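Some notes on the structure that comes next.
The values are calculated or read from the model by the stated rules, or taken from the named source; none is laboratory data. These numbers come from a predicted model, not from an experiment. We place every Cβ from the backbone using ideal geometry, glycine too, and count neighbours over all the protein chains shown.
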Amino acid sequence: MNGTQVVADRTADSAPDVPRPISRKPTGADRIFVLGTRSVGASVLAVTGGIAVFLAVQAVPTIKHYGLSFFTENRWAPDQGQVGIAGALLGTFTVAFVAMSFAFPLALTTALYISEYAPGRIKSFLVSMVDLMAAVPSIIYGLWGAYLMQPLAGDLARWLNAYLGWMPWFHVNSDPHAAQWQALQYSSSAFIAGIAVAMMVLPMAAAVMREVFSQTPIGEREGALALGATRWGVIRSVVLPFGKGGVIGGTMLGMGRALGETIAVLLIISPSFDLKFRPLEIGTETVSALIAGRFAEASSVQLRALLTAGFVLFLITLVINTFAAMVVSRSRSGAGTDL
């Protein structure tokens, strides 16, 4: 009896192990979470796709009626049969470029200070303040730019014209050294609108950069410090190379926001469809401000033209934001860090 039991135990011990089947299918709360997140993601894609389809359908009659001149004409005179967004597109990119010229260095230094220099007791407060800036309505920034920054920015624009006016970018058709200089020539410009928009895109860009900087591997930081690097040396050789994708992605996300800003720009600029590369000079137009300013009084044909302009802006913003999201998603590996 005992011998038989021993033989049976040895036979059982010598039997091959069979892996237990494990199901990767989510159950219970996990299944509800997965289905919920998929539903939200699908609804976002459906809404975005619906907007694109609606704008594309509205754009077909406009393109058939005006042809490619809709993209090259710099006048908006529907009564005369001349409608085009060339000037508005140029103004859109001009305002966005001015905005990012101010927002990029501010966002980068803000993100670096919060992630690398700020004491722990005030770091959370600074993060909350940056996030709070993003919650301020755009009309507040527009009023701030129109009534507070415009006189100060006019003086700065005059100074730039006086000493850098030989460059086309800083030239204004006005004598900055005249005793009674024409202040009106420096108001309601893309330069002032860009400053207001810069304050709006700064929180978004700074938040993305700071988040990526905070993902820098602690081992690489300690390795740089062990080799004798200073704090700035760690930032230069570890943090910035690791967060390069976040810097690019945050900047481009801010650019996408700057291209589509409406109310703040509409409150500041003086509408003009001229094809000019002088952001310091009065007069410009953006696609979003064009739509907001002429939507209420537009006829059915003009409304389709405005929706076509919105479709063009939608595609530009979608491409920029998609590329920025791809760059940010690939920036967390730390590849390319050079000690």
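Out of everything in the stretch 196-250 that is of a type in the set (Ser, Thr, Tyr) and surrounded by fewer than 21 Cβ atoms within 10 Å (Cβ to Cβ), what residue ends up being nearest to the chain's Cα centre (by Cα)? Checking each candidate, the answer is Ser214. Among what's in the stretch 285-315 and is within 17 Å of Phe71 (Cβ to Cβ) and outside any helix (DSSP H, G or I), pick the residue that is nearest to the chain's Cα centre (by Cα). The residue in question is Thr286. Being under 12 Å from Arg210 (Cα atoms) and either free of Cβ contacts under 8 Å to residues at least 60 places away in the same chain or out of contact with any Pro (no Cβ under 7 Å at 6 or more places or on another chain) (or both) is a property that does not hold for Leu132. The residue that is modelled with the lowest pLDDT, among those in the stretch 160-172 that are exposed (fewer than 13 other Cβ atoms within 10 Å of the Cβ) and out of contact with any helix residue (DSSP H, G or I) (no Cβ under 7 Å at 6 or more places or on another chain), is Pro168. Does any residue of the stretch 233-255 turn out to be of a type in the set (Val, Ile, Thr), within 30 Å of Phe102 (Cα to Cα), modelled with pLDDT under 90 and not in a helix (DSSP H, G or I)? No, the conditions are met nowhere in the stretch 233-255. Of the listed requirements (1) in contact with a Phe, Trp or Tyr (Cβ under 6 Å, 6 or more places away or on another chain); (2) closer than 30 Å to Tyr163 by Cα, Ala258 misses just one: (1). Hey, any hits in the stretch 75-83 for a residue that's buried (at least 17 other Cβ atoms within 10 Å of the Cβ), part of a helix (DSSP H, G or I) and among the β-branched types (Val, Ile, Thr)? Checking the stretch 75-83: not a single residue is buried (at least 17 other Cβ atoms within 10 Å of the Cβ), part of a helix (DSSP H, G or I) and among the β-branched types (Val, Ile, Thr).
One residue stands out among those in the stretch 131-140 that are in a helix (DSSP H, G or I) and of a type in the set (A, V, I, L, M): the one that is farthest from Leu266 (Cα to Cα), which is Leu132. Residues in the stretch 29-68 that are modelled with pLDDT under 85, surrounded by 10 or more Cβ atoms within 10 Å (Cβ to Cβ) and under 23 Å from Ser300 (Cα atoms): His65, Tyr66, Gly67.
Within the set Leu148, Leu152, Leu143, the sole residue that is touching a residue at least 12 places away in the same chain (Cβ under 8 Å), part of a helix (DSSP H, G or I) and more than 20 Å from the chain's Cα centre (by Cα) turns out to be Leu143. With respect to Thr110, is the statement that it is in contact with a strand residue (DSSP E or B) (Cβ under 9 Å, 6 or more places away or on another chain), in a helix (DSSP H, G or I) and not aromatic (Phe, Trp, Tyr) true? For Thr110, the condition - in contact with a strand residue (DSSP E or B) (Cβ under 9 Å, 6 or more places away or on another chain), in a helix (DSSP H, G or I) and not aromatic (Phe, Trp, Tyr) - is not met. Scanning the stretch 28-74 for residues that are of a type in the set (A, V, I, L, M) and outside any helix (DSSP H, G or I) gives a single hit, Leu68.
Restricting the stretch 311-339 to residues that are at pLDDT below 70 and small (Gly, Ala, Ser), the residue that is nearest to Ser288 (Cα to Cα) is Ser331. Of all the numbered requirements in (1) within 16 Å of Ser115 (Cβ to Cβ); (2) not in a loop (DSSP other than H, G, I, E, B), Ile195 misses one, and that requirement is (1).
Flag not set for Arg210, criterion: out of contact with any Ser or Thr (no Cβ under 7 Å at 6 or more places or on another chain), of a type in the set (Lys, Arg) and part of a helix (DSSP H, G or I).
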